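Please read the structure below before turning to the comments.
We did not get these values from a lab; they are worked out from the coordinates using the rules stated. Since we're looking at a predicted model, the values are computed, not measured. Quick reminder, even Gly has a Cβ in these numbers, built from the backbone with ideal geometry, and neighbours come from all protein chains shown.
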Amino acid sequence: MNSLDAVINFINDQRPNLDAVQNQLDFVNSNLMSAIQNTESSLSTIRDADFAFEASNLARTQITTQSGTGYAGPSQLNLTEHTVTTEIELG
């Protein structure tokens, strides 16, 4: 019986240590999940900004190409950038 009691006592003594390790692992896991989520959100924002920039450049090029003189005035380009940006935000 002494051996069995010793094993039970050892397990009971180690239980708080295991709980502490479990809490630490849960904390690390939570931080990693938060970092992953923040990174994914940042990447999405970067992709959206790149898309808006490229869409604006495409619109500017199309206006310049389609105008009879090959020149689109600044007000026409700004209007197109605003229109493209609005469409992206609404879309």
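So what are the ³J(HN,Hα) numbers for segment 4-16, from phi and the Karplus equation (6.51, -1.76, 1.60; θ = phi - 60°), rounded to whole Hz, Gly and Pro as x?
5, 4, 5, 5, 4, 5, 4, 4, 5, 5, 7, 4, x
Starting with the fewest neighbours, write out THR64, THR45 ranked by other beta-carbon atoms found within 10 Å of each beta-carbon.
THR45, THR64
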